[in-house]
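A quick write-up on the structure given underneath.
The values are calculated or read from the model by the stated rules, or taken from the named source; none is laboratory data. As the structure is a prediction and not an experimental result, all values here were calculated from the model. As a convention, Cβ positions derive from the backbone with ideal geometry for all residues, glycine included, and neighbour counts pool all protein chains shown.
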Amino acid sequence: MITFKYLLPFRMPIKEIENIDFIAEENTFMKFIHREHNIFENDNIKRERQTYIEITSVINKNQFKRVKSGSTSRESKKTRVLTEVFNNQFNTLNNFIKIISVKYQYHNVFQLSLGDILSIPYYVIYSMEGEIKDMSLFLINEPGKIEEDQYSELKKSELLNIKQNYQIFTNHPSNIYVIAMRKGERAIYKADYNVAIIQIQTALEVFITKFLERYYKLDQQLSDEKINNKLACGYRNIIKDQLLKIVRKLNLNNSHEIENCINQYIDNYYPMRNKIVHEGLSYSKDEALKFQAIVNDIIRLLVFNMKNEMMRDFSKEFNMYNIHNENINMESIKEKYK
């Protein structure tokens, strides 16, 4: 048997004495242990309530052989079995939560992404006789940038820059789309891939809308009413009928690559957000990362090539607020869309 234990971000509406078994779900058993503490001293009303869950699965002899402690040659097989069991258990837990939420209208519980887990899970492997054979932490994700950020600090010069330019940074025109992009990046780290796609899509829509808005205002000198009317035709039409035409009109370098990139996005990635919202589809990590990559490519290609277009008021303003990162390998991006 393998048991995983970790902390949920809410209290499950199950008595601690209840043991939930799902024989149909590969012999999966659940046990819930509640934790609560007062937020304020002597406050007996407003308490934080959370639940530790212990999920146990009965495994077969072959799986047991692969997860027993032993030589390092077994480690990859062991990891595969542990991951498979954990994922099956997690899916069963989410199905259980879904039923509670839908059938009995509990609003404090919600289906989990891996990033919602509040503690590092650990596992215990038991023999058929109940003897503990192994116990260790189970790392869901390899440490990434967010993990690194937890242990880093701003330099004094960076902090001083924030203090000196607080109002400028607070009201920076790029804030809206960049914040949406950061939310998408964090959602990928938390394994909430649908949310990641929605947030990254939002970032791109804001970026393109602001790009066109300022072009019409500064270059075409249209009134606010006319601009609003032009941008009210739907996002797909904005890209196909307006953005691509303006890219050609600006005569940007690499306009061929920009158009190919945008057309690939429209054909293969644009429908993803709508399928999440309107059809309830779920996407994988790989699909979310590909979506993120092509959106980043669109933005980077436009920012990189706009820096060489300095003759217009629109271009000057755009380049003032959208700085190309010199560390990005633009040649590899352009190569993908030739």
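Among the candidates 48, 25, which residue alone is of a type in the set (Asp, Glu), at pLDDT below 90, surrounded by fewer than 18 Cβ atoms within 10 Å (Cβ to Cβ) and in a strand (DSSP E or B)?
Working: 25 fails: in a strand (DSSP E or B).
The conditions single out 48.
Does segment 222-244 hold any residues that are part of a loop (DSSP other than H, G, I, E, B) and among the hydroxyl-bearing types (Ser, Thr, Tyr), and which are they?
223
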Given the criteria surrounded by fewer than 18 Cβ atoms within 10 Å (Cβ to Cβ) and touching a residue at least 12 places away in the same chain (Cβ under 8 Å), does residue 223 qualify? no
Among the helices (runs of 4 or more DSSP H) confined wholly to segment 245-338, which include 3 or more residues that are within 24 Å of residue 174 (Cα to Cα), touching a residue at least 12 places away in the same chain (Cβ under 8 Å) and not aliphatic (A, V, I, L, M)? 255-268, 285-306, 313-321
Please tell me if residue 274 is among the polar types (S, T, N, Q), over 24 Å from residue 189 (Cβ atoms), assigned by TED's automatic domain parsing to the domain that holds residue 249 and under 20 Å from the mean Cα position of the chain (by Cα). yes
May I ask you to list the residues in segment 178-210 that are surrounded by fewer than 20 Cβ atoms within 10 Å (Cβ to Cβ) and more than 15 Å from the chain's Cα centre (by Cα)? 205, 206, 209, 210
Go through segment 98-122 and count every residue that is closer than 25 Å to residue 186 by Cβ and not in a helix (DSSP H, G or I). 13
Sole exception among (1) modelled with pLDDT under 90; (2) loosely packed, with under 12 Cβ neighbours inside 10 Å; (3) of a type in the set (Phe, Trp, Tyr) for residue 126, by number: (2)
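Criterion first (more than 15 Å from the chain's Cα centre (by Cα), surrounded by fewer than 12 Cβ atoms within 10 Å (Cβ to Cβ) and of a type in the set (A, V, I, L, M, F, W, C)) does residue 306 satisfy it? Spell out how you get there, then give the answer.
Working: more than 15 Å from the chain's Cα centre (by Cα): yes; surrounded by fewer than 12 Cβ atoms within 10 Å (Cβ to Cβ): no; of a type in the set (A, V, I, L, M, F, W, C): yes.
Criteria not met by residue 306.
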With the requirement that a residue be more than 21 Å from the chain's Cα centre (by Cα), surrounded by 13 or more Cβ atoms within 10 Å (Cβ to Cβ) and either at positive phi or touching a residue at least 60 places away in the same chain (Cβ under 8 Å) (or both), what does segment 98-123 give you? 100, 106, 122, 123
When restricted to 205, 147, 131, 153, the only residue of a type outside the set (A, V, I, L, M), modelled with pLDDT under 90 and farther than 27 Å from residue 87 by Cβ is 153
Residues satisfying the stated conditions in segment 226-235, i.e. modelled with pLDDT under 90 and of a type outside the set (Gly, Ala, Ser): 233, 235
Considering only segment 267-289, state which residues are surrounded by 14 or more Cβ atoms within 10 Å (Cβ to Cβ) and closer than 19 Å to residue 208 by Cβ. 269, 270, 271, 272, 273
